[in-house]
Amino acid sequence: MRLETRKLLDKAFSGLGLIAIAVMAVALLLILTPIIWRGSKAFVFRGTVEHRRVMLEQFDRGNPDRFNQEAAQVAAARAPIYQMMEAFETEMKAMKSAERREYKSAFKEVEKSIEQLLGPIPGEKTPVLLRQQYGQTRWDRTLVKLHEVLYSEEWDYSNPDAMGVLVETPRSEHFAGTQLEPLFPYLEEHLDEMMNPKTTFYWQFITDTSKDSHIFGGIWPEVLGTIYLTLGAMLFAVPMGVIAAIYLCEYAREGHVISFLRICISTLAGVPSIVFGLFGLAFFLNTIQVSDSKSVLAGSLTLSLLILPTIIRSSEEAILAVPRSYKEAALGLGAGRWHTVLTVILPASLPGILTGIVISMGRAAGETAPIIFTAAVSVGAPLKLWETLSQPTPALPWNIYNLCTEHEAVDEIRHVQYGMVFTLVAIVLILNLFAILMRARISKKLRG
């Protein structure tokens, strides 16, 4: 091959490599930017007086005297709303029955929307559900609920050749000429006074437990459960994986049996994670019964089997990459095989082994399917360490899926969903960063 052709090919491959890196960077940016932006809103947002009320009453956090002063100002701003509603109810009693029926259902919708916006009407019985005891805690959701108060929504299906069209009608037109008509402009003009939004840094989103299925509070049980499952999986998988790799590289004689084992390991690395989940349910829970029901122990064992092939293969490659002269020098000085492996080969291959552990750790933290059947529950309290042997736990991967697909108030808790995703990504990055720093420190010592 001519020198000019070789140089041209080198430049072409270098260019393709740079393009691939740029595409990967752009893809990563497109994925992480919305996660970081929307996930950060779980921690930093404009919190209303209702948020501060929840913090004080449910989490005993805040200054009661200062809040009482604020609540008094807010109550004064809301008082005209309730006076207009009471006046309209009195007005309805004087209406004819047909006219009263016409207004009654529409007024119930307004009343319900205002209760969702501002909280229970003063003087009424306290609702049972926690979410109904408070108004909107976040300013962005407050604006959504305000729109629902101001406008009624109907779908127009009059055109059979087209999709239904959403038609929004101002409620003030329906109540024109009644005592309720001034309510709508007043609500729109004085919303700030009635909700008193303030920029809030809610770092306790990580450390608080959830209230009323994540309507209020934080995600501490899910964070703790994810850490338990990840570290538990590594505790079982790393020793088994590294020992298996040492045996395959240093002790096993090449033959049909070892070749078959390598094929099995490679095949297991590509098995769908849901299969491991079903196996964990059938073997760990139903056959050997490591616990009476779902538990962190069963989930960790299942995840350890999931990541075991990756750890074995990466450890094998790291061990085989150690120069043969290291082994020959140790054996020539009289060291035994196990002593050589323990003091020479294993330390030299440790950076490569840690690379496989880093990759496996990220996968274990983010897997959903294996823990659905073995460890995860939708709602639960933070577990003590000894409870992991017998109790299930909430976990970020499962709860993200659950909140996005099955929660009855899915639109109300978008910030929780993105906050969980943001936290899960951060946990994986922190664990990986810790492992990378360890690998760099070990490599530096070996070079020294």
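The values are calculated or read from the model by the stated rules, or taken from the named source; none is laboratory data. Quick caveat, the model's predicted, so the values are computed rather than measured. Note that each Cβ is placed from the backbone with ideal geometry, even for glycine, and that neighbours are counted across all protein chains shown. Accessible surface areas use protein heavy atoms only, side chains included; no ligands, DNA or RNA. Shrake-Rupley method; radii C 1.70, N 1.55, O 1.52, S 1.80 Å.
Being more than 29 Å from the chain's Cα centre (by Cα) and touching a residue at least 12 places away in the same chain (Cβ under 8 Å) is the filter here; which residues of segment 109-138 pass it?
Selection gives GLU109, VAL110, GLU111, SER113, ILE114, GLU115, PRO120, ILE121, PRO122.
For the list (1) outside any helix (DSSP H, G or I); (2) surrounded by 15 or more Cβ atoms within 10 Å (Cβ to Cβ), I need the number of the one condition that THR169 fails.
Status for THR169: all satisfied but (2).
Please enumerate the residues belonging to segment 100-150 that are part of a loop (DSSP other than H, G, I, E, B) and acidic (Asp, Glu).
First, the residues of segment 100-150 that are part of a loop (DSSP other than H, G, I, E, B): 119-129, 134-137.
Residue satisfying the conditions is GLU124 alone.
Counting only residues that are in a helix (DSSP H, G or I) and either open to solvent by less than 30 Å² (accessible area, probe 1.4 Å) or at pLDDT below 90 (or both), how many does segment 248-285 have? Steps first, please.
Residues of segment 248-285 that are in a helix (DSSP H, G or I), as a first pass: 248-251, 256-268, 273-285.
Cutting the leftovers down to either open to solvent by less than 30 Å² (accessible area, probe 1.4 Å) or at pLDDT below 90 (or both) gives us 248-251, 256-268, 273, 276-277, 280, 284-285.
Qualifying residue count, segment 248-285: 23.
Output the residues belonging to segment 192-210 that are closer than 18 Å to GLN136 by Cβ, open to solvent by less than 20 Å² (accessible area, probe 1.4 Å) and out of contact with any Ser or Thr (no Cβ under 7 Å at 6 or more places or on another chain).
MET194, TYR202, PHE205
For segment 57-85, how many residues meet the condition of being surrounded by 12 or more Cβ atoms within 10 Å (Cβ to Cβ) and farther than 13 Å from PRO182 by Cα? Outline the logic, then answer.
Step one: of segment 57-85, the residues surrounded by 12 or more Cβ atoms within 10 Å (Cβ to Cβ) are 57-59, 61-62, 67, 70-71, 73-75, 77-85.
Now narrow it down to the ones that are farther than 13 Å from PRO182 by Cα: 57-59, 61-62, 67, 70-71, 73-75, 77-79.
Number of matching residues: 14.
Pick out the one residue from LEU403, LEU342, LEU431, LEU383 that is more than 21 Å from THR302 (Cα to Cα), out of contact with any Asp or Glu (no Cβ under 9 Å at 6 or more places or on another chain) and buried (at least 16 other Cβ atoms within 10 Å of the Cβ).
Values: LEU342 fails: buried (at least 16 other Cβ atoms within 10 Å of the Cβ); LEU431 fails: more than 21 Å from THR302 (Cα to Cα); LEU383 fails: more than 21 Å from THR302 (Cα to Cα).
Of the residues listed, the single one that is more than 21 Å from THR302 (Cα to Cα), out of contact with any Asp or Glu (no Cβ under 9 Å at 6 or more places or on another chain) and buried (at least 16 other Cβ atoms within 10 Å of the Cβ) is LEU403.
Select from segment 293-336 the residues that are out of contact with any helix residue (DSSP H, G or I) (no Cβ under 7 Å at 6 or more places or on another chain) and part of a helix (DSSP H, G or I) and write down the one among them that is surrounded by the most Cβ atoms within 10 Å (Cβ to Cβ).
Applying the filter and picking the extreme gives ALA329.
Can you confirm whether ALA269 is without any contact (Cβ under 8 Å) to a residue 60 or more places away in the chain, among the small types (Gly, Ala, Ser), over 30 Å from GLY380 (Cα atoms) and in contact with a Lys or Arg (Cβ under 8 Å, 6 or more places away or on another chain)? Lay out the reasoning, then the answer.
Values: without any contact (Cβ under 8 Å) to a residue 60 or more places away in the chain: yes; among the small types (Gly, Ala, Ser): yes; over 30 Å from GLY380 (Cα atoms): yes; in contact with a Lys or Arg (Cβ under 8 Å, 6 or more places away or on another chain): yes.
Against the criterion (without any contact (Cβ under 8 Å) to a residue 60 or more places away in the chain, among the small types (Gly, Ala, Ser), over 30 Å from GLY380 (Cα atoms) and in contact with a Lys or Arg (Cβ under 8 Å, 6 or more places away or on another chain)), ALA269 qualifies.
Out of the residues in segment 86-98 that are in a helix (DSSP H, G or I), open to solvent by less than 80 Å² (accessible area, probe 1.4 Å) and free of Cβ contacts under 8 Å to residues at least 24 places away in the same chain, state the one that is nearest to LEU150 (Cα to Cα).
Here is the first cut: in segment 86-98, the residues in a helix (DSSP H, G or I) are 86-93, 97-98.
Narrowing the set further to residues that are open to solvent by less than 80 Å² (accessible area, probe 1.4 Å) leaves 87-89, 91-92, 97-98.
With the extra rule that they be free of Cβ contacts under 8 Å to residues at least 24 places away in the same chain, the set shrinks to 89, 92, 97-98.
Numbers: GLU89: 19, MET92: 20, SER97: 26, ALA98: 24 Å.
Checking each candidate, the answer is GLU89.
Going through segment 392-415 one residue at a time, which ones are farther than 21 Å from ILE274 by Cα and out of contact with any strand residue (DSSP E or B) (no Cβ under 8 Å at 6 or more places or on another chain)?
Those that are farther than 21 Å from ILE274 by Cα and out of contact with any strand residue (DSSP E or B) (no Cβ under 8 Å at 6 or more places or on another chain): HIS407, GLU408, ALA409, VAL410, ASP411, GLU412, ILE413, ARG414.
From the residues in segment 387-400 that are open to solvent by less than 10 Å² (accessible area, probe 1.4 Å) and part of a loop (DSSP other than H, G, I, E, B), which one is farthest from ILE227 (Cα to Cα)?
PRO394
So how many residues does segment 172-190 have that are farther than 25 Å from GLN73 by Cβ, not acidic (Asp, Glu) and not in a loop (DSSP other than H, G, I, E, B)?
Number satisfying all stated conditions: 2.
Can you name the number of the only condition in (1) in contact (Cβ under 8 Å) with a residue 60 or more places away in the chain; (2) assigned to a helix (DSSP H, G or I); (3) not charged (D, E, K, R) that SER213 fails?
Exception for SER213: condition (2).
All but one of (1) closer than 25 Å to GLY177 by Cβ; (2) in a helix (DSSP H, G or I); (3) in contact (Cβ under 8 Å) with a residue 12 or more places away in the chain hold for GLU153; which doesn't?
Every condition holds for GLU153 apart from (2).
Regarding LEU16, is this residue under 30 Å from GLN204 (Cα atoms), open to solvent by 100 Å² or more (accessible area, probe 1.4 Å) and aliphatic (A, V, I, L, M)? Give the derivation first.
Details: under 30 Å from GLN204 (Cα atoms): no; open to solvent by 100 Å² or more (accessible area, probe 1.4 Å): yes; aliphatic (A, V, I, L, M): yes.
When the stated conditions are applied, LEU16 does not pass them.
Scan segment 295-309 and report the pairs whose first residue is closer than 22 Å to SER378 by Cβ and whose second residue is β-branched (Val, Ile, Thr) and open to solvent by less than 10 Å² (accessible area, probe 1.4 Å), with Cβ atoms within less than 6 Å and a gap of 6+ or a chain change.
Short answer, once both residue conditions are applied: VAL296/THR393; ALA298/THR374; GLY299/ILE371; GLY299/THR374; THR302/THR374.
Which of the residues spanning segment 235-261 are touching a Ser or Thr at 6+ places or on another chain (Cβ under 8 Å) and more than 19 Å from GLU317 (Cβ to Cβ)?
LEU235, PHE236
Taking the options PHE201, PHE184, PHE175, name whichever one is modelled with pLDDT of 90 or more and touching a Leu at 6+ places or on another chain (Cβ under 9 Å). Explain how you work it out, then say what you get.
Numbers: PHE201 fails: touching a Leu at 6+ places or on another chain (Cβ under 9 Å); PHE175 fails: modelled with pLDDT of 90 or more.
After applying the criteria, what remains is PHE184.
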